[in-house]
Amino acid sequence: MNNVTEQVYYVGVNDKTLDLFEGQYILPNGVSYNSYVIMDEKIAIMDMVDRRAAKEWFENLSEVLGDKQPDYLIISHLEPDHSANLSEVIELYPDIRIVSNEKLFGMLPQFFNVDIADRKVVVKEGDSLSLGKHELHFVMAPMVHWPEVMVTYESTDKILFSADGFGKFGALDVEEDWACEARRYYFNIVGKYGMPVQTLLKKAAALDIQIICPLHGPILSENLDYYIGLYQTWSSYEPENKGVFIAYSSMHGNTKQAAEELAKLLEAKGVEKVAIADLAREDMAECIEDAFRYDRLVVACPTYDGAIMPVMQDFIYHLKVKMYQKRTVGIIENGSWAPMAGKIMREQFEAMKEVTVLDEKVTIRSSLKKNNYEELEILANKLSQ
Ligand code: FEO
């Protein structure tokens, strides 16, 4: 059995067979659906798992419960990767009471055809539930992914059950850097909701938290200031690192050549970090992550059908909906007969909050010429100031 503390158990499941999380994000190392059980005078199950992981979850659960019956099921988030087993839980544990907030109970019939009227316990901000030695305190966290989300603070062991917050891609038996896959998870899944995350961080700052138990990824019990600090940076849309991310799309290699030439110039000029990606070949979610990670971005794209390459349009669309802001953007365009890409990309970035689009644009007419090398040098100088 997997203890978090003396009476708190991990009963979650690793999933290494899912191809795309939320139907869109690649999972090179799988994902974990985390769930916990508090074995006190009263027994509480903290969230469930995806239906794909049901069998293993029920096995984990019954190993911890033994012949005991759970008293409460706390649901902090209704998204199906955490709630899929509700009907079976009710069937298996007929006396269990379901604890959550009004908003979640309002949405619940959209997902489940179960009557829980006589077993629901509605909690709101500041409410508590005693399990005996352990005391659960409920903190509403609307839009820390979905509108019904709440987190739960257990004040005896000082655990924050943080829902999707502090979550990460990757199964728990995989050794990998936390920040890399937590950042990709954050910006692509929660990134739009920086303000609600900030609100939750303010509430969390008032709590003495020793352990964070998220719904995905590892339990965090050391160096919590590091993780909370990253969430502070990410949710306030501040760059995490100084550096330039060059995102390019190229039809015949000429725009790619310009992007790589710029990368070389920036490195030679001592820019702290230069990252470069071919948008058509790299994981889009990783590209979104890098755009948010660094303080400067360069987009390089040919004109295509009188507009821009679809993959670049997709990239900029993602940035827009994830509230990309507070950054400097440089532009490289290519066009053989009527270059439009620069204008189109500029308009879209200028519509974003506190984004400065540099005037030092590079315009390639099909392939790089002497004047383009000069323009690249000027752009590199501006970006490395
Ligand atoms: Fe992991 Fe928003 O669900």
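In the chain, the DSSP-assigned H stretches of four residues or longer account for a calculated mean residue ellipticity at 222 nm of -10000 deg cm²/dmol, using -39500 (n - 2.57) per stretch and the full residue count as denominator. Using a Gaussian network model on the chain with a 10 Å cutoff between Cα atoms, which of A280, A258, A117 fluctuates the most? So, out of A280, A258, A117, the one fluctuating most is A117. Working note: Karplus 6.51/-1.76/1.60 with θ = phi - 60° gives the range 148-165 the couplings 8, 5, 9, 10, 10, 9, 9, 7, 7, 8, 6, 9, 9, 7, 9, 6, 6, x Hz, where Gly and Pro are set to x. Packing, taken as the mean count of other beta carbons within 10 Å per residue, orders the peptides 153-161, 95-103 from highest to lowest as 153-161, 95-103. The local environment of P339, defined by Cβ-Cβ distances under 11 Å, has a net charge of +2 under the rule Lys, Arg +1 and Asp, Glu -1. Judged by the gyration tensor of its Cα atoms, with axes a ≥ b ≥ c, the chain is prolate; a/c meets the 1.5 cut and a/b is the larger of a/b and b/c. With a 10 Å cut-off between alpha carbons and a GNM built on the chain, which of F245, F138, F111 moves the most? Comparing F245, F138, F111 in the GNM, the peak value goes to F111. According to the square roots a ≥ b ≥ c of the eigenvalues of the Cα gyration tensor, what is the shape class of the range 324-385, taking rounded for a/c under 1.5, prolate for a/b larger than b/c otherwise, and oblate for the remainder? Oblate shape, in that a/c is at least 1.5 and b/c is the bigger or equal ratio. The alpha-carbon of K55 sits under 20 angstrom from the alpha-carbons of these aspartates and glutamates, leaving out residues fewer than 8 places away in its chain: D15, D19, D47, E63, D67, E79, D81, E88, E91, D173. Choose one answer from Q232, Q257, Q24: the residue with the largest mean-square fluctuation in a GNM of the chain with alpha-carbon springs under 10 Å. Result for the chain, Cα springs under 10 Å: Q24 fluctuates most. Under 23 Å of direct C-alpha separation, and excluding same-chain neighbours fewer than eight residues apart, K192 reaches these lysines: K103, K168, K202, K203, K242, K320, K322, K326, K353. Across the range 241-383, the relative contact order, built from alpha-carbon pairs under 8 Å that are at least six residues apart, equals 26 percent.
If the chain linking E88 and N381 were pulled fully straight, counting 0.36 nm for each residue of separation and taking away their Cα-Cα distance, it would gain 99.3 nm.
Using the Cβ-Cβ distance between A117 and E240 with R0 = 51 Å, the FRET efficiency computed as 1/(1 + (r/R0)^6) comes to roughly 0.65.
Bear in mind that the values in this text are calculations on the coordinates, not laboratory data. Quantities reported herein were computed from a predicted structural model and do not represent experimental measurements. A quick note on method: Cβ atoms are made from the backbone with ideal geometry, for glycine too, and the neighbour counts reach across all protein chains shown.
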